[in-house]
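The values are calculated or read from the model by the stated rules, or taken from the named source; none is laboratory data. This structure is a prediction, so every number in the text was calculated from the model and none was measured. Ideal geometry is used to build each Cβ from the backbone, glycine not excepted, and the neighbour counts take in all protein chains shown.
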Amino acid sequence: MEIKLLTPNYASAYWELRLEALQQSPEAFGTSYEEAIQRTNPIERVENNLRTEGNYTFGAFQQDKLVGMVTLSQESYLKMKHRANIFAMYVSPEARGLGAGKALLMEAINKARTIEEIEKVNLSVVSTNEKAKNLYTQLGFEVFGVEEKALKVADTYYDEDHMTLIL
């Protein structure tokens, strides 16, 4: 498993994996698959995101195939620059259990540690996603709040745990 910082030339592979994530785990993301496929110029938008200052998207590769991803994004407002957020964490089912998620998250945390301003990293996770929560806890994240009915997929509501890691 190789972890790389994604550059704009990985935009197509990222977009493919993103669509897979939205289909495989609809309860884990704020965006729906239906909304995503209606976007105009999605590859161009991903390219722009991958070159945005303060955004770092890492990919896990298995034999040159992108099988996992995570984004670390530093807050841009002056009063919040000490914070960063973890977004869009996903590992393909065929690559789960091989350490990709942990490697991705560690890469994002290590990147955050290299940015002097960042003092804490936040993330949100569906409260019933025990595997993800266990990984986050293992890496030092702690729950600081629970949002009831944070997401609604079809007629099912999902609570989210808000977690933080103080660097």
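The table below lists the values:
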read-out: Residue ID - surrounded by the fewest Cβ atoms within 10 Å (Cβ to Cβ), chosen from residues in segment 89-116 that are of a type in the set (Val, Ile, Thr) and either touching a residue at least 12 places away in the same chain (Cβ under 8 Å) or on the phi > 0 side of the Ramachandran plot (or both); value: Ile115
read-out: Residues (closer than 21 Å to Thr31 by Cα and either touching a strand residue (DSSP E or B) at 6+ places or on another chain (Cβ under 7 Å) or charged (D, E, K, R) (or both)) located in segment 81-103; value: Ala84, Asn85, Ile86, Phe87, Ala88, Met89, Tyr90, Val91, Ser92, Gly101
read-out: Segment 1-31 - residue that is part of a loop (DSSP other than H, G, I, E, B) and touching a residue at least 24 places away in the same chain (Cβ under 8 Å) and, of those, farthest from the chain's Cα centre (by Cα); value: Met1
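Table: residues versus (1) in a strand (DSSP E or B); (2) crowded, with 16+ Cβ neighbours inside 10 Å; (3) modelled with pLDDT of 95 or more; (4) not basic (Lys, Arg).
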residue: Ile118; (1), (2), (3), (4): no, yes, yes, yes
residue: Leu123; (1), (2), (3), (4): yes, yes, yes, yes
residue: Thr128; (1), (2), (3), (4): no, no, no, yes
residue: Tyr136; (1), (2), (3), (4): no, yes, yes, yes
residue: Gly140; (1), (2), (3), (4): no, no, yes, yes
residue: Glu148; (1), (2), (3), (4): yes, no, yes, yes
